[in-house]
Amino acid sequence: MPVEVLALDSWLPWLALPRANGRLGKVPSLPRDGVLRPIDCRGAGLSLPEAHALMHRHRAGGLGIVLATGHGLAVLDLDVPITACTQTLLGEVLGYTGRSPGGGTHVWLAGNLPRNRRQAGIEVIGRGFVTVTGDALGERGQALGKLDDVLQRLGDGSPSRLVQSAPLTLSDEAVLGQLYAAKNGARARHLLTIGDWVSAGYHSASEGDLAAVRLLRFWTTDPEQLGRLMEGTALWRPKWTQGGYLARTIERALEMGGPTWAGSRVR
């Protein structure tokens, strides 16, 4: 892998946990009470040797990196199956390329991306958790590609390119950032990052779970994203993996309705 990636002190092991859609999510984790638990990964991380040792000690699913704007790195994430369009993009963009645990493709790039960019089958990630396998694709070398090259190809509007620029939903990190900056942000942060539903005023853990989904729901109504965000909170417990509990909780929170954020306004 590129030396710039290997030198980061933001590596973490991840756990494979069921999502609300039935698929497995790869959730960044650290030990708590001797057991790996999902964490809010922002600002967290270890050196590669430390994270590697934790992964083996706790039999985690694998390793990943917490990217932040100051790292000067980004990842072009191409989902499977690779289409003709994404194959064209892959051929046009240079940079070390590795396979993701789910079979997708990660191209590592140099550059700062303040906000993640998502399109059908494609994501450009500058902030957040990115899984790493070290399984290199082809003979593309160990050098970083250029983020500007990717953004130029994605946003030039040419019919021969993949897509044109379009309004994007909030990234996972942006959802949490908006929530924690809101008037109820202190209460939300206490519930989601500490997991103390008792002092937050709820009568049961299940009531705390529903309240957490309702807090997140204002900023996103995507069930898959809600599941992913919930899995990264300190509220997580084994019950969430049983009988579709988390999916039912999210469904109930969505059915309850209420105002939602829509760009710069509430709807």
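The values are calculated or read from the model by the stated rules, or taken from the named source; none is laboratory data. On a predicted model such as this, the values are computed, not experimentally measured, just so you know. Note that we place each Cβ from the backbone using ideal geometry, even for glycine, and neighbour counts take in every protein chain shown. Only protein heavy atoms, including side chains, enter the accessible area calculation; ligands, DNA and RNA are left aside. Shrake-Rupley method; radii C 1.70, N 1.55, O 1.52, S 1.80 Å.
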| query | Hey, got the dipole for the chain? About the Cα centre, +1 on K and R Cβ, -1 on D and E Cβ, debye to the nearest 20? | reply | 680
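Evaluate the relative contact order of the chain (contact order divided by residue number), counting alpha-carbon pairs under 8 angstrom at least 6 apart; express in whole percent. The partial results should precede the final answer.
Numbers: 482 pairs, mean separation 48.9, N = 267.
Relative contact order of the chain: 18 percent.
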| query | To the nearest 10 degrees, how steeply does helix 48-57 sit against the main Cα axis of the chain, on a 0 to 90 scale? | reply | 50
| Label corresponding to volume of the Cα convex hull per residue in Å³ when calculated from the structure given, among (i) 206; (ii) 127; (iii) 137 | (iii)
| request: Quick one: what are the phi-derived ³J(HN,Hα) couplings along the stretch 182-195, Karplus 6.51/-1.76/1.60 with θ = phi - 60°, whole Hz, x for glycine and proline? | output: 6, 4, 8, x, 5, 5, 5, 4, 4, 6, 7, 9, 9, x
| message | Give me a comma-separated list of calculated 3J(HN,Hα) values for the stretch 67-78, in order, Karplus coefficients 6.51, -1.76, 1.60 applied at θ = phi - 60°, integers in Hz, x for any Gly or Pro. | response | 8, 9, 4, x, 6, x, 10, 8, 10, 8, 9, 10
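Can you give me the accessible area per residue for the chain, using a 1.4 Å probe, in Å²?
Values: 13090 Å² over 267 residues.
Heavy-atom accessible area per residue stands at 49 Å².
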| request: Give the relative contact order (percent, whole number) for the stretch 1-137; include only Cα pairs under 8 Å separated by 6+ residues. | output: 25
| task | Give the long-range amide H neighbours of L73: residues separated by 5 or more places, or on another chain, with amide H under 5 Å away, using H modelled in the peptide plane at 1.01 Å from N. | result | G111
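Okay, helix-only estimate at 222 nm for the chain: each DSSP H run of n ≥ 4 adds -39500 (n - 2.57), divide by all residues, round to 500 deg cm²/dmol; what do you get?
Working: 9 runs with 80 residues, N = 267.
When only DSSP H runs of four or more count, the value is -8500 deg cm²/dmol.
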| Long-range amide H contacts for L30: which residues qualify at under 5 Å (H placed 1.01 Å from N, peptide plane, sequence gap of 5 or more or a different chain)? | R37, I39
| Of all accessible heavy-atom area on the chain, the percent that carbon and sulfur account for (1.4 Å) | 53
| When the distances between all Cα atoms of the stretch 1-81 are binned every 5 Å from zero, what whole-number percent does each bin get? | 3, 15, 22, 24, 19, 12, 5, 0
| remark: Sorted list, accessible surface of protein heavy atoms, 1.4 Å probe, largest first, for V75, V198 is V198, V75
| remark: Simple SL model, points at 7 angstrom along Cα→Cβ for V198 and N112; separation in nm is 4.4
